[in-house]
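First comes the structure, then the notes that go with it.
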Amino acid sequence: MKYLLLAFVLLSFMGCGVTPKQEIAIVPIPSKVEQKSGALTWKSGQSITIAYGDASLENVASHWQKMLSGDYNLDVTLKEGTQGDIVLSLASLSNTEGYELDVTPSSVTVKAGSPAGAFYALQTFKQIMPLKAEVAGKTKITVPAVAIADEPAFGYRGMHLDVARHFFNADSVKRYLDILALHKINTFHWHLTEDQGWRMESKKYPRLTEIGSYRPRTVIGRNSGEYDNVPVSGFYTQEEIKDIVKYAADRYITIIPEIDMPGHMLAALAAYPELGCRGKDYKVAETWGVFEEVLCAGNPKVYQFVYDILDEVIELFPSQYVHIGGDECPKEEWEKCPKCQAKIRELKLKGDGVHTAEQQLQSHFTKEVEKYLNDHGRKLIGWDEIMEGGLSETATVMSWRGASHAYEAAKLGNDAILTPNTHCYFDYYQTDDIANEPLAIGGFIPVKKVYEYEPIGKDVPADIRKHILGVQANMWAEYFKTFRHVEYVLLPRLAALSEVNWSDAPRDYAAFVKRLEHMMKIYDERGYNYARHVFDVNSQLERDNENHTLLMRLSALSEADIRYTTDGSEPTTTSAKYTSPVTIDRPMTFKAIAFYDGNKSRVTTQEFDFNLATAKPITLNTEPNKAYAANGANTLNDGLVGTKLFNTGRWIGFVGNDLSATIDLVKPTEIKMVGLNSLIITGDWIFRPVSISVFTSDDNENFSLAKEIRPEADTKHVNVIERYNVEFEPQTTRYVKVVVESLKQMPSWHAGPGKPAYIFVDEIGIY
């Protein structure tokens, strides 16, 4: 960016019963905001002027006219010329999506690098306009005078929607596009096909929607084995798709369609079983996960099917990109399939110690599809698994398993898009209070984590940086049956994502949340369903190593009045006022709430199990998995019990090795029991411990076994938190070592037999 980030300023509103002063609060934050004296008064009978020769701005002018007439009941005219109340023109700017918005007491002037830039100027202008409720019934509207110069940091600013797991009708998709436009998102990744449903009409293969778009029931929850017996169906006709594509283009949003291949194709195989390796007995998936049934990469008919479908996709979608998925394609059927093995021999593919012959077969499949797209003037984009077996020179990689694959692709000279599941999966929970949240797939990505994502580190060299096109968030819909649920998990995280993509200014979360308050009023005005967790009380736990107690620090928005209780009762305005860290030195139910000028946040609740181990010195003797190391050893005796989310920082995860931790009780102490919690989600490869052993020592060198227990092995999918108590004869000791043995290979009944299992452990208690 060529502009300095200025502090937000207070600008005057005049007349119309509007609040005398209003803070300029824009999301995503512009490059430059400059205060000007005075204000502009709008009324009916004024004009929007398109500069001579800039007819491409007619669509933007029409949007501006609809906003003023639809939202504010102001009649304005469109004309061509050089003078007017709003003047739109194109200019040579450093960024084609950039714009300059100048609001004076007499007019509004927009200079943009392209029609898209002028459209983004309109989105900014909407945020400095008064709310409709503030001027209801008024014939004049006052807007603060301000000069804004702005441009995006990334050219690709994406948002994804999965309509295959659950179907959302055309009107819902248009509403989604409106939400994206408000946040200056310019790319909509439309995930149209899956194991659980095919949603795009095909004229040449009608059974794709006749059979593939319907499933009679859906598994309840996380593959519980029970079903809801509620049919799910629906698809978009080609005419609907054309209409949606135009609707998006009118908002300067490009739609990238995804037809997932060669995996995630059960819906297509149910319709045309001859496309699979075994050729029969397929049905549209009713459960979630990764399925072995994939397209047969050794069958010439499969390639013709793919080309025919791509012909229809190319006809419907003008995007330069076509997304072919390429992720999570098991190779078990290819390993057994005579046609696939014959193809491997024909191509002389052999495992090289890095990639198997079957992985190289998928690479061949991908390259054949890419060649077809290139021959038809399009580019291939796929998930980062398309790198396995070799990446073509022209494919674009969408890196979802962290940033490393994007950087690896960029080093090869390929373009890449960052969409890491650590920060950009909006199907994850927004809070760790999942008992009071609608169902999600799992995980934990609050607004703050999205906002603090740094796509490209300062140490990334320029030759790599130039290939990183931008950032996208993904909305997988296994657990989202209604579009209202989609809105709830989308907002306000999309606001945070928009700022990550648009602005390269230093992150300031407190300032962002302050601006977000105004954006939420716009959400209310438009009837969007959104989460309000950002207003909750945040807690941070520290240790008092001298007294072996805990200190609870609380924070919320700057103007909040925080009240708390320690007896489990609901906090009120008369409860203890938070002014300094609260000492936690006993078992308690701690609750806190923030009051905001007549409104209040949700109650933040923390259950503390204070025991002999809590806040004592603790050492990990074995290394946890780096992705699930949480706060290290201190996680195990901080008094806080983990929930059913394994990545909230409350659990420590181990895979391939056992947990071993030693707690120093500081002085010889009589003990008779050690307990710990284990999270078991077998669908996520997290299993019960094989054994739990407790050892005691007086010198931290010579340990004796106090007791070992062996929990019953998992024989089916479960999602539970188990408490294991290891009881023994009372003894006096200073050091206690706990060893939790992990399952080294998952059982044969599981989808990943033979692979290492995780154990997740939290809160070791000594009594």
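Two numbers describe the Cα atoms of the chain: Rg and Dmax, which are 29.0, 93 Å.
Note on region 53-179: percent of Cα-Cα distances in each 5 Å bin, starting at 0 and stopping at the bin with the largest distance, equals 2, 9, 17, 20, 19, 14, 10, 6, 3, 1, 0.
For region 720-762 versus region 76-125, the inter-centroid distance based on Cα atoms is 63 Å.
Lysine pair count for region 13-124 (Cα-Cα distance under 24 Å; residues 8 or more apart in sequence or on different chains): 11.
With the Cα gyration tensor of region 180-314 giving a ≥ b ≥ c as the square roots of its eigenvalues, does the rule (a/c under 1.5 for rounded; else a/b larger than b/c for prolate; else oblate) give rounded, prolate or oblate?
Oblate is the answer for region 180-314, as a/c is 1.5 or above yet b/c matches or exceeds a/b.
Kirkwood's formula applied to the C-alpha pairs of region 425-469 gives a hydrodynamic radius of 12.8 angstrom. Here the mean projected area of the convex hull built on the C-alpha positions of region 567-721 is 12.4 nm². In this structure, the amide hydrogen of Ser503, modeled 1.01 Å from its nitrogen in the peptide plane, lies closer than 5 angstrom to those of Ala153, counting only residues at least 5 positions away or on a different chain.
Here the chain exposes an accessible surface that is 48 percent carbon and sulfur, computed with a 1.4 Å probe and the other protein chains kept in place. Take 199-206, 726-733 and order them by the average number of nearby Cβ atoms within 10 Å per residue, most first; the result is 199-206, 726-733.
For region 361-417, trypsin sites (Lys or Arg not before Pro) meeting the loop criterion (DSSP other than H, G, I, E, B) and having at most 16 other Cβ atoms within 10 Å: Arg401.
Across the protein chains, with a 1.4 Å probe defining accessible surface, the residues Asp561, Asp311, Asp597, Asp463 rank Asp597, Asp463, Asp311, Asp561 from largest area downward. Taking 4 °C and 1.567 mPa s as conditions, region 675-767 diffuses translationally at an estimated 91 µm²/s according to Stokes-Einstein applied to its Kirkwood radius (Cα pairs).
Each helix, a run of at least 4 DSSP H residues, gives -39500 (n - 2.57); summed and divided by the residues of the chain, these come to -6500 deg cm²/dmol at 222 nm. Using the 1.4 Å probe convention, the accessible area of the chain works out to 41 Å² per residue with neighbouring protein chains retained. Amide H to amide H distances under 5 Å link Ala39 with Ala145, where only residues 5 or more positions off or on other chains count and H is placed in the peptide plane.
With all pairs of separate Cα atoms included, region 715-761 yields a Kirkwood hydrodynamic radius of 13.9 Å. If a helix is a whole DSSP H run, which ones in the chain reach 24 Å or further along their own axis (Cα) and hold a mean Kyte-Doolittle hydropathy of at least 0.0? TM-like helix candidates: 300-316. Region 146-209 and region 468-512 have Cα centres separated by 14 Å. By the gyration tensor of its Cα atoms, with a ≥ b ≥ c the square roots of the eigenvalues, what is the shape of region 175-224: rounded for a/c under 1.5, prolate for a/b over b/c, or oblate? Oblate is the answer for region 175-224, as a/c is 1.5 or above yet b/c matches or exceeds a/b.
Round to a whole angstrom and tell me the spacing of the C-alpha centers of region 664-689 and region 414-457. Their Cα centres are 28 Å away from one another.
The values are calculated or read from the model by the stated rules, or taken from the named source; none is laboratory data. Predicted, not measured: the structure shown is a model, and the values here were computed from it. With ideal geometry, Cβ positions are generated from the backbone for all residues, glycine too; neighbour counts draw on all protein chains shown. Areas reflect the complete protein model, heavy atoms only, side chains present, ligands, DNA and RNA absent. Shrake-Rupley method; radii C 1.70, N 1.55, O 1.52, S 1.80 Å.
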